[in-house]
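What follows is calculated from the coordinates using simple rules that are stated; it is not laboratory data. All values derive from a computational prediction rather than experimental measurement. Glycine also receives a Cβ, built like all others from the backbone with ideal geometry; neighbour counts cover every protein chain displayed.
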Amino acid sequence: MRTSECDLVIVGVGGQGVILISDVLGRAAVLAGKPVCGAETHGMAQRGGSVINHTRIGCRFSPMVAAGGADVLVALEPAEALRFAQFLSPAGVALVNTRPVLPSTVTSGKARYPPLDEILAPIEGHSSRVIAMDATALAQTAGSSQAMNVVMLGALSRYIPISEDLVLQALAQVVPPRFLEINRKAFVLGKAEVE
């Protein structure tokens, strides 16, 4: 028995904007008149550690998404997609930014970052669809690489039971006015990637 309309797990590393996405989604759900629950974990986020957010739209009970229960996994970093793939439902969709955040062990030559196909293959075997995109490059096209999270939000907007207009309204509540136009462009570019 389903206890929500849509279960999302949003992951990345500290500073990528996982929390902004969840904040926008929460506000948009409230604007749509839908109950929403969320929970987040920051693992040394300020030092590039994992950040995971559970968002349940139209939920009746717990804010946590069960393993194998997420309708959508949004990964702002490819290795984080693999790390948290167990949350994805077999019928779920994974939205993955292909641009890695390289840890110091990789940049110093002490470790190797796995090739993208090695990261995506297990996720593809675990879900109905994986959509990989260079959201960072799309954000640069919009005017700022820091809008990468909003590119991913635009892609996600196709899979949630909330209108695009309400998501953009919520985005305007969260993003400072001077950055709003870039973020709107980033949102549109992300949405176009999944249409």
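Looking at ALA121, ALA111, ALA91, ALA192, can you tell me which residue is in contact with a Ser or Thr (Cβ under 7 Å, 6 or more places away or on another chain), surrounded by fewer than 19 Cβ atoms within 10 Å (Cβ to Cβ) and not in a strand (DSSP E or B)?
It is ALA111.
For (1) free of Cβ contacts under 8 Å to residues at least 24 places away in the same chain; (2) over 21 Å from ILE162 (Cα atoms); (3) in contact with an Asp or Glu (Cβ under 7 Å, 6 or more places away or on another chain); (4) not basic (Lys, Arg), each residue gets a yes or a no:
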{"position": "MET64", "(1), (2), (3), (4)": "no, no, no, yes"}
{"position": "ALA67", "(1), (2), (3), (4)": "yes, yes, no, yes"}
{"position": "ALA70", "(1), (2), (3), (4)": "no, no, yes, yes"}
{"position": "GLU77", "(1), (2), (3), (4)": "no, yes, no, yes"}
{"position": "GLU80", "(1), (2), (3), (4)": "no, yes, no, yes"}
{"position": "ALA91", "(1), (2), (3), (4)": "no, no, no, yes"}
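Collect the residues in the range 1-34 that are of a type outside the set (A, V, I, L, M, F, W, C), over 17 Å from PHE87 (Cβ atoms) and in a helix (DSSP H, G or I), keeping them in residue-number order.
If the condition is that a residue be of a type outside the set (A, V, I, L, M, F, W, C), over 17 Å from PHE87 (Cβ atoms) and in a helix (DSSP H, G or I), then ASP23, GLY26, ARG27 are the ones that fit.
Yes or no: the range 131-154 includes at least one residue that is under 18 Å from the mean Cα position of the chain (by Cα), closer than 20 Å to THR55 by Cβ and part of a loop (DSSP other than H, G, I, E, B).
Scanning the range 131-154 turns up no residue that is under 18 Å from the mean Cα position of the chain (by Cα), closer than 20 Å to THR55 by Cβ and part of a loop (DSSP other than H, G, I, E, B).
Tell me which residues, restricted to the range 162-180, are in contact (Cβ under 8 Å) with a residue 24 or more places away in the chain and in a helix (DSSP H, G or I).
Matches in the range 162-180: GLU164, LEU166, VAL167, GLN169, ALA170, LEU171, GLN173, VAL174, PHE179.
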